[in-house]
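Worksheet for the structure shown next.
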Amino acid sequence: MRDKTLEGALPIYAKLLTDNMGIKLTIGGDHAFTTGGAITIPSLPTDNLPAKITAYGYIMHESGHEDDTDFDIWPKEPLLKKVTNWFEDIRIEQRRMQRYPGARKRLNDLVDYLVADKFFSEPDATGTPAQLMSSMLLFRLRSEVLGQHALDTYAKKADDLCRDVLPASAVSRLNVMMFEVENCKSTQDCIDLAQSVLDMLKE
């Protein structure tokens with residue numbers, strides 16, 4: 001049975017959370033994003049538990065970008081932009097977990113929910129090398145750096161598939177390079193790391 005009082009209050013709780021962070025919140029649409037000083041999270045599900053998980057998880061993630069991402073230097077080139085975003089997501093979530101005691105649970109609960117909801121696609125052999133590489137980066141870093149263990153199986157499968165389609169030397173170098181994200185202190189560091197990865201793959 002749904003608690004209609006709690007369900008109706010969720011947007012209010014979400015607004016209070018972002019107000020405390022000094023961030024404007026909009027609820028609507030089907031994905032989360034930030035636009036500099038404001039964040040948008042998807043429309044809240046009608047079921048209480050998913051509503052709480054998605055609202056608080058997306059707020060924690062997007063507010064991390066608001067606090068720590070330098071959008072003035074964000075790359076324009078599409079591929080560099082995409083790879084930078086993979087690393088920047090890891091960096092800002094790690095900082096969130098260090099800064100707020102409840103952040104790890106909220107972010108990990110969100111990933112648990114998104115895996116169960118099939119938001120994350122399980123890697124498979126039909127993926128292109130680029131798709132498999134992106135899956136390996138995304139899932140291994142979330143699993144091993146952030147401790148989001150709902151992605152452990154996806155991470156292992158993506159790694160195995162990458163080894164089937166990419167040169168062993170490239171996979172080995174990528175495995176070393178991608179964990180440099182743990183030493184990234186800024187958006188510029190993530191841009192530089194992304195560029196290094198792309199340069200290595202071009203070789």
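The distance linking the stretch 49-87 with the stretch 136-152 is 16 Å (Cα centroid to Cα centroid, whole angstrom).
With contacts taken as Cα pairs under 8 Å at a separation of at least 6 residues, the stretch 130-203 carries a relative contact order of 25 percent.
Every number in this text was worked out from the coordinates using simple rules, so none of it is lab data. Values in this document were obtained by computation on a predicted structure and should not be read as measured data.
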